[in-house]
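The values are calculated or read from the model by the stated rules, or taken from the named source; none is laboratory data. Here the structure is a predicted model, which means the values were calculated and not measured. Using ideal geometry, Cβ is built from the backbone for each residue, glycine included, and neighbour counts are taken over all protein chains shown. Just the protein is used for accessible areas: all its heavy atoms, side chains included, with ligands, DNA and RNA removed. Shrake-Rupley method; radii C 1.70, N 1.55, O 1.52, S 1.80 Å.
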Amino acid sequence: MKRIYLPIFLILIFTLALTASSVAQDRLIFATTTSTENSGLLDELIPPFEETFGIRVDVISVGTGAAIELGANGDADIIFVHAPEAEAEFIEGGYGVNRRDVMYNDFVILGPPADPAGISEIELAVDAFLAISNSEAEFISRGDDSGTNKKELSIWEEAGIDINQSWYIESGQGMGASINMADEREAYILADRGTFLAYSGEIDLEVLNSGDPVLFNSYGIIPVNPAYHSHVNYKMAMAFVGYLTSQEGQSIINSFSSYGEQLFFADAISAEKLID
């Protein structure tokens, strides 16, 4: 009996392994930021790719730090984040390959219309942060190692401000939830412009400081290195990179708007080559 059932058992195991491999190749695990997800852009970008390639894209929406960790652990096939220094470390560590610029927008400092810290007339972001600190007006930080949080902390560091103060509050949440928290508390917050515009019709917060070059916000896409994690769907990850940086993907990014304003600006190919 053993000679009869052993081959059947092995065939069953082999079939299950093939099925699991097939399922894995029929989906792409895409780790990205809450700012990208909250904006609604992915609802426009992903469906055409899924339809063209017959694949399901599973989005994991977290902060940049968490997305990078998912990629480093092999729990995602590709990451789409906005923290250039952390991205460089990810690639230098051998976890990611073939990074490409995809799009950009900017960070903005939001606050209540009353502007108790008086930052609306201040030019530089670091000086705006100094004014917020001096006024001891509440400031909401994501506190989640996201790209936005990394940028915010770098500005506080440049300003030489000790943020261990009662007016500095960490939400530990994504961009949309943090904006809502700041709105409820009439506090200041650093946000990406895309998420702000997506929420602007529902909140009272206003853009009170923007335009400083330090607030430039670039998004990069990085496939996880198959030499490091052999199980990742590298083929589809590269196809997704090709799609996002193609004329089709870049045109979708440029045409995406909320409340009449463009949220992101395509950055992979020159604007004059894009098809309207």
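Some notes on this structure:
- Listed by first and then second residue, the pairs with beta-carbon distance under 6 Å, at least 6 apart or on different chains, first residue in segment 75-86 and part of a loop (DSSP other than H, G, I, E, B), second of a type in the set (D, E, K, R), are Ala83/Lys150.
- Residue within segment 219-227 that is at pLDDT 95 or above, among the polar types (S, T, N, Q) and assigned by the TED database to the domain that holds Ala72 present: yes
- When residues of segment 166-184 are limited to those that are at pLDDT 95 or above and polar (S, T, N, Q), the one farthest from Asp204 (Cα to Cα): Ser166
- Within segment 197-216, considering residues that are modelled with pLDDT under 95 and surrounded by 17 or more Cβ atoms within 10 Å (Cβ to Cβ), the one farthest from Gly40 (Cα to Cα): Ser200
- Some residue of segment 93-111 being among the hydrophobic types (A, V, I, L, M, F, W, C), without any contact (Cβ under 8 Å) to a residue 60 or more places away in the chain and surrounded by fewer than 22 Cβ atoms within 10 Å (Cβ to Cβ): no
- Leading residue by the ranking (nearest to Phe256 (Cα to Cα)) among those in segment 159-170 that are open to solvent by 20 Å² or more (accessible area, probe 1.4 Å) and touching a strand residue (DSSP E or B) at 6+ places or on another chain (Cβ under 8 Å): Glu170
- Residues of segment 112-151 classified as in contact (Cβ under 8 Å) with a residue 24 or more places away in the chain and in a loop (DSSP other than H, G, I, E, B), total: 18
- Within segment 54-83, considering residues that are buried (at least 17 other Cβ atoms within 10 Å of the Cβ) and among the polar types (S, T, N, Q), the one nearest to Ile222 (Cα to Cα): Thr64
- In the set Ala117, Ala131, Ala125, Ala86, only one residue is among the aliphatic types (A, V, I, L, M), buried (at least 16 other Cβ atoms within 10 Å of the Cβ) and under 18 Å from Thr32 (Cβ atoms); that residue is Ala86.
- Complete set of residues in segment 52-68 that are part of a loop (DSSP other than H, G, I, E, B) and out of contact with any Asp or Glu (no Cβ under 7 Å at 6 or more places or on another chain): Gly54
- So Gly242, is it over 20 Å from the mean Cα position of the chain (by Cα), free of Cβ contacts under 8 Å to residues at least 60 places away in the same chain, at negative phi and open to solvent by 30 Å² or more (accessible area, probe 1.4 Å): no
- Scope segment 182-196; condition out of contact with any helix residue (DSSP H, G or I) (no Cβ under 6 Å at 6 or more places or on another chain) and either under 26 Å from Gly260 (Cβ atoms) or open to solvent by less than 10 Å² (accessible area, probe 1.4 Å) (or both); matching residues: Ala182, Asp183, Glu184, Glu186, Ala187, Arg193, Phe196
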